[in-house]
Amino acid sequence: MKAKDIAAAIEEFAPLGTQEPWDNAGLCIGSPEAEVHAVLVGFDCTAGLVAEAVERGADMIVTHHPLIFGGLKRIDPDDPVGAAVCAAVRHGIAVYAAHTNADKAEGGVNALMAGRLGLVEPEPLDESGLSQIGLLPEPMTGRAFCTYVKERFGLRTLRCSAPVAEVFRVATSCGSGASFAEAAFRAGADAFVTGDVSYHRFFVPEGRMIVDIGHYESEVEIVEKFVSVLQKKLPTFAVYTAKQKNNNPIYYI
(Lines give C-alpha, C1' and ligand atoms only; values in the text may rest on other atoms or scores of the structure.)
Protein backbone atom coordinates (compact mmCIF):
# COMPACT_ATOMS: atom_id res chain seq x y z
CA MET A 1 0.00 0.00 0.00
CA LYS A 2 1.22 3.49 -0.79
CA ALA A 3 0.52 6.81 0.91
CA LYS A 4 -1.48 7.92 -2.14
CA ASP A 5 -3.80 4.90 -1.70
CA ILE A 6 -4.57 5.88 1.89
CA ALA A 7 -5.12 9.47 0.77
CA ALA A 8 -7.47 8.30 -2.00
CA ALA A 9 -9.58 6.37 0.50
CA ILE A 10 -9.98 9.44 2.71
CA GLU A 11 -10.57 11.73 -0.25
CA GLU A 12 -13.38 9.57 -1.57
CA PHE A 13 -15.13 10.49 1.68
CA ALA A 14 -13.82 14.08 1.88
CA PRO A 15 -12.67 15.28 -1.57
CA LEU A 16 -9.52 17.37 -1.25
CA GLY A 17 -10.79 19.88 -3.79
CA THR A 18 -13.58 20.96 -1.45
CA GLN A 19 -11.25 22.37 1.21
CA GLU A 20 -11.37 26.09 1.86
CA PRO A 21 -8.86 28.26 -0.06
CA TRP A 22 -6.97 29.14 3.13
CA ASP A 23 -6.66 25.52 4.26
CA ASN A 24 -3.71 23.12 3.93
CA ALA A 25 -5.34 19.69 3.90
CA GLY A 26 -3.67 16.76 2.17
CA LEU A 27 -0.23 15.20 2.42
CA CYS A 28 2.14 17.66 4.11
CA ILE A 29 5.05 15.32 4.87
CA GLY A 30 6.22 12.42 2.76
CA SER A 31 5.89 11.19 -0.80
CA PRO A 32 2.61 9.92 -2.29
CA GLU A 33 4.67 6.93 -3.47
CA ALA A 34 5.93 6.06 0.02
CA GLU A 35 5.21 2.49 1.10
CA VAL A 36 2.80 2.31 4.03
CA HIS A 37 2.29 -0.76 6.19
CA ALA A 38 0.04 0.71 8.90
CA VAL A 39 -1.78 3.99 9.61
CA LEU A 40 -2.29 5.78 12.93
CA VAL A 41 -5.32 8.10 13.12
CA GLY A 42 -5.48 11.01 15.56
CA PHE A 43 -6.84 14.54 15.93
CA ASP A 44 -3.67 16.68 15.93
CA CYS A 45 -0.24 15.59 14.77
CA THR A 46 2.03 16.13 17.77
CA ALA A 47 5.48 14.79 18.56
CA GLY A 48 3.73 12.43 20.96
CA LEU A 49 1.53 11.06 18.19
CA VAL A 50 4.58 10.53 15.99
CA ALA A 51 6.26 8.65 18.84
CA GLU A 52 3.18 6.44 19.14
CA ALA A 53 3.27 5.78 15.39
CA VAL A 54 6.89 4.65 15.70
CA GLU A 55 6.03 2.45 18.67
CA ARG A 56 3.14 0.78 16.83
CA GLY A 57 4.91 0.38 13.51
CA ALA A 58 2.73 2.87 11.63
CA ASP A 59 4.49 4.73 8.82
CA MET A 60 1.62 7.12 8.06
CA ILE A 61 -0.43 9.43 10.26
CA VAL A 62 -3.88 10.76 9.38
CA THR A 63 -5.29 13.66 11.41
CA HIS A 64 -8.03 16.25 11.19
CA HIS A 65 -5.93 19.37 11.77
CA PRO A 66 -3.02 19.96 9.37
CA LEU A 67 0.39 19.80 11.03
CA ILE A 68 1.68 22.55 8.72
CA PHE A 69 -1.04 25.15 8.45
CA GLY A 70 0.75 28.27 7.27
CA GLY A 71 4.22 28.69 5.84
CA LEU A 72 7.10 27.54 8.04
CA LYS A 73 10.05 29.95 8.06
CA ARG A 74 12.13 27.73 10.31
CA ILE A 75 11.81 24.27 11.85
CA ASP A 76 12.70 24.45 15.53
CA PRO A 77 12.75 21.10 17.41
CA ASP A 78 11.90 23.01 20.60
CA ASP A 79 8.65 24.28 19.03
CA PRO A 80 5.65 21.89 19.12
CA VAL A 81 5.10 21.98 15.34
CA GLY A 82 8.82 21.82 14.61
CA ALA A 83 9.25 18.87 16.99
CA ALA A 84 6.51 16.92 15.20
CA VAL A 85 7.91 17.75 11.76
CA CYS A 86 11.43 16.71 12.79
CA ALA A 87 10.20 13.47 14.34
CA ALA A 88 8.07 12.54 11.32
CA VAL A 89 10.90 13.21 8.86
CA ARG A 90 13.46 11.43 11.05
CA HIS A 91 11.35 8.28 11.17
CA GLY A 92 10.09 8.41 7.59
CA ILE A 93 6.44 8.87 8.55
CA ALA A 94 4.03 10.40 6.05
CA VAL A 95 1.59 12.93 7.55
CA TYR A 96 -1.82 13.62 6.02
CA ALA A 97 -4.77 15.77 7.15
CA ALA A 98 -8.41 16.09 6.10
CA HIS A 99 -9.59 19.41 7.51
CA THR A 100 -12.27 21.69 6.03
CA ASN A 101 -12.95 19.09 3.35
CA ALA A 102 -13.89 16.72 6.20
CA ASP A 103 -15.87 19.46 7.94
CA LYS A 104 -18.25 19.78 4.98
CA ALA A 105 -18.25 16.15 3.76
CA GLU A 106 -21.44 14.12 3.82
CA GLY A 107 -21.20 12.40 7.19
CA GLY A 108 -18.33 14.71 8.11
CA VAL A 109 -17.70 16.91 11.14
CA ASN A 110 -20.70 19.21 10.78
CA ALA A 111 -23.02 16.32 10.03
CA LEU A 112 -21.66 14.50 13.10
CA MET A 113 -22.39 17.57 15.24
CA ALA A 114 -25.97 17.74 13.98
CA GLY A 115 -26.35 14.02 14.56
CA ARG A 116 -24.98 14.28 18.09
CA LEU A 117 -27.72 16.83 18.84
CA GLY A 118 -30.35 14.65 17.19
CA LEU A 119 -31.36 17.42 14.78
CA VAL A 120 -34.27 16.47 12.56
CA GLU A 121 -33.64 16.83 8.80
CA PRO A 122 -30.57 19.05 9.13
CA GLU A 123 -29.48 20.93 6.04
CA PRO A 124 -26.57 23.21 5.11
CA LEU A 125 -27.00 26.76 6.38
CA ASP A 126 -25.33 28.12 3.24
CA GLU A 127 -23.35 27.05 0.20
CA SER A 128 -20.10 26.72 2.15
CA GLY A 129 -21.27 23.52 3.85
CA LEU A 130 -19.53 24.59 7.04
CA SER A 131 -22.72 24.99 9.06
CA GLN A 132 -25.96 23.03 9.45
CA ILE A 133 -29.43 23.91 10.70
CA GLY A 134 -32.32 21.73 11.82
CA LEU A 135 -34.91 21.10 14.51
CA LEU A 136 -34.50 19.46 17.89
CA PRO A 137 -36.67 16.40 18.52
CA GLU A 138 -38.78 18.69 20.70
CA PRO A 139 -38.63 22.28 22.02
CA MET A 140 -36.92 22.92 25.35
CA THR A 141 -35.91 25.88 27.48
CA GLY A 142 -32.52 27.47 26.96
CA ARG A 143 -31.24 26.10 30.26
CA ALA A 144 -32.53 22.62 29.45
CA PHE A 145 -30.85 22.90 26.06
CA CYS A 146 -27.50 23.65 27.70
CA THR A 147 -27.88 20.57 29.88
CA TYR A 148 -28.83 18.55 26.81
CA VAL A 149 -25.78 19.80 24.89
CA LYS A 150 -23.45 18.90 27.76
CA GLU A 151 -24.94 15.41 27.94
CA ARG A 152 -24.78 14.84 24.19
CA PHE A 153 -21.15 15.99 23.87
CA GLY A 154 -19.92 14.65 27.20
CA LEU A 155 -18.99 18.09 28.52
CA ARG A 156 -18.22 19.19 32.06
CA THR A 157 -18.96 22.79 31.16
CA LEU A 158 -19.80 25.14 28.31
CA ARG A 159 -20.12 28.89 27.68
CA CYS A 160 -23.30 30.54 26.46
CA SER A 161 -25.15 33.83 26.16
CA ALA A 162 -28.23 34.35 28.32
CA PRO A 163 -30.48 31.27 28.07
CA VAL A 164 -33.66 31.98 26.11
CA ALA A 165 -37.22 30.90 26.86
CA GLU A 166 -37.37 28.27 24.12
CA VAL A 167 -34.98 26.50 21.77
CA PHE A 168 -36.30 24.45 18.87
CA ARG A 169 -34.45 25.43 15.69
CA VAL A 170 -30.69 24.96 16.09
CA ALA A 171 -27.68 25.70 13.88
CA THR A 172 -24.22 24.21 14.33
CA SER A 173 -20.73 24.89 13.00
CA CYS A 174 -17.67 22.94 14.05
CA GLY A 175 -14.40 24.42 15.25
CA SER A 176 -14.16 28.22 15.10
CA GLY A 177 -17.56 28.78 13.50
CA ALA A 178 -18.72 31.95 15.24
CA SER A 179 -18.69 33.86 11.95
CA PHE A 180 -21.81 31.92 10.96
CA ALA A 181 -23.81 33.18 13.94
CA GLU A 182 -25.53 36.06 12.15
CA ALA A 183 -26.54 33.85 9.22
CA ALA A 184 -27.84 31.25 11.66
CA PHE A 185 -30.03 33.77 13.45
CA ARG A 186 -31.28 35.22 10.16
CA ALA A 187 -32.28 31.69 9.18
CA GLY A 188 -34.40 31.46 12.32
CA ALA A 189 -32.11 29.51 14.64
CA ASP A 190 -33.01 29.93 18.29
CA ALA A 191 -29.55 28.69 19.28
CA PHE A 192 -26.23 28.40 17.51
CA VAL A 193 -23.65 25.84 18.71
CA THR A 194 -19.96 26.19 17.83
CA GLY A 195 -16.52 26.70 19.43
CA ASP A 196 -13.94 29.43 19.99
CA VAL A 197 -16.50 32.18 20.56
CA SER A 198 -14.95 35.56 21.40
CA TYR A 199 -16.38 37.91 24.02
CA HIS A 200 -18.26 40.26 21.69
CA ARG A 201 -19.97 37.39 19.87
CA PHE A 202 -21.99 36.69 23.00
CA PHE A 203 -23.99 39.88 22.41
CA VAL A 204 -26.76 38.28 20.36
CA PRO A 205 -30.25 39.39 19.26
CA GLU A 206 -33.05 39.10 21.78
CA GLY A 207 -34.58 35.63 21.80
CA ARG A 208 -31.41 34.02 20.44
CA MET A 209 -28.50 32.33 22.16
CA ILE A 210 -25.02 31.20 21.23
CA VAL A 211 -23.39 28.17 22.83
CA ASP A 212 -19.63 27.54 22.86
CA ILE A 213 -18.76 23.88 23.47
CA GLY A 214 -15.08 24.21 22.55
CA HIS A 215 -13.17 23.69 19.32
CA TYR A 216 -11.84 20.23 20.14
CA GLU A 217 -15.14 19.04 21.60
CA SER A 218 -17.05 20.00 18.45
CA GLU A 219 -14.72 18.09 16.12
CA VAL A 220 -13.05 15.15 17.84
CA GLU A 221 -15.68 12.62 16.70
CA ILE A 222 -14.14 12.79 13.22
CA VAL A 223 -11.23 10.62 14.39
CA GLU A 224 -13.43 7.53 14.69
CA LYS A 225 -15.08 8.46 11.39
CA PHE A 226 -11.70 8.40 9.63
CA VAL A 227 -10.95 5.02 11.19
CA SER A 228 -14.33 3.71 10.04
CA VAL A 229 -13.80 5.02 6.49
CA LEU A 230 -10.35 3.46 6.20
CA GLN A 231 -11.40 0.12 7.70
CA LYS A 232 -14.35 -0.08 5.33
CA LYS A 233 -12.37 0.78 2.21
CA LEU A 234 -9.21 -1.11 3.21
CA PRO A 235 -10.54 -4.02 5.32
CA THR A 236 -7.29 -6.00 5.42
CA PHE A 237 -5.04 -3.03 6.19
CA ALA A 238 -3.74 -2.10 9.67
CA VAL A 239 -5.53 1.04 10.88
CA TYR A 240 -4.95 2.15 14.48
CA THR A 241 -6.73 4.76 16.60
CA ALA A 242 -4.43 6.90 18.75
CA LYS A 243 -4.21 5.51 22.28
CA GLN A 244 -4.33 8.99 23.74
CA LYS A 245 -8.04 9.60 23.25
CA ASN A 246 -8.06 13.13 24.66
CA ASN A 247 -5.24 15.37 23.49
CA ASN A 248 -7.21 18.59 23.89
CA PRO A 249 -4.64 21.33 24.63
CA ILE A 250 -7.28 23.23 26.65
CA TYR A 251 -7.82 22.18 30.27
CA TYR A 252 -10.84 23.00 32.43
CA ILE A 253 -9.80 23.30 36.08
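What's the number of the only condition in (1) surrounded by 15 or more Cβ atoms within 10 Å (Cβ to Cβ); (2) on the phi > 0 side of the Ramachandran plot; (3) out of contact with any helix residue (DSSP H, G or I) (no Cβ under 8 Å at 6 or more places or on another chain) that residue 30 fails to meet?
Result: residue 30 fails condition (3) only.
Restricting attention to segment 213-253, which residues are among the acidic types (Asp, Glu) and touching a residue at least 60 places away in the same chain (Cβ under 8 Å)?
Hits for segment 213-253 are 217, 219, 221.
From 81, 54, 62, which residue is β-branched (Val, Ile, Thr), over 20 Å from the mean Cα position of the chain (by Cα) and not in a loop (DSSP other than H, G, I, E, B)?
Going through 81, 54, 62 in turn, the sole match is 54.
Say we look at segment 189-212 and pick out the residues that are surrounded by fewer than 14 Cβ atoms within 10 Å (Cβ to Cβ) and in contact (Cβ under 8 Å) with a residue 24 or more places away in the chain; which of these is farthest from residue 138 (Cα to Cα)?
Once the filter is applied, the top-ranked residue is 203.
Going through 49, 112, 67 one at a time, which residue ends up being buried (at least 24 other Cβ atoms within 10 Å of the Cβ), under 22 Å from the mean Cα position of the chain (by Cα) and hydrophobic (A, V, I, L, M, F, W, C)?
Being buried (at least 24 other Cβ atoms within 10 Å of the Cβ), under 22 Å from the mean Cα position of the chain (by Cα) and hydrophobic (A, V, I, L, M, F, W, C) holds for just one of 49, 112, 67, which is 49.
Pairs needed: first member in segment 102-124, outside any strand (DSSP E or B); second member anywhere, charged (D, E, K, R); C-beta distance under 6 Å; at least 6 residues apart or different chains.
What qualifies is 109/103; 109/219; 110/103; 112/221; 116/152; 117/152.
Which numbered condition trips up residue 90, out of (1) in contact with a strand residue (DSSP E or B) (Cβ under 9 Å, 6 or more places away or on another chain); (2) not assigned by TED's automatic domain parsing to the domain that holds residue 165?
Against the list (1) in contact with a strand residue (DSSP E or B) (Cβ under 9 Å, 6 or more places away or on another chain); (2) not assigned by TED's automatic domain parsing to the domain that holds residue 165, residue 90 comes up short only on (1).
Name the residues in segment 141-160 that are crowded, with 16+ Cβ neighbours inside 10 Å and either of a type in the set (Ser, Thr, Tyr) or in contact with a strand residue (DSSP E or B) (Cβ under 7 Å, 6 or more places away or on another chain) (or both), would you?
Correct list: 142, 145, 146, 148, 149, 158, 160.
The values are calculated or read from the model by the stated rules, or taken from the named source; none is laboratory data. Treat the numbers as computed from the prediction; the structure is a model and nothing was measured. Neighbour counts run over all protein chains shown; Cβ positions are idealised from the backbone, glycine included.
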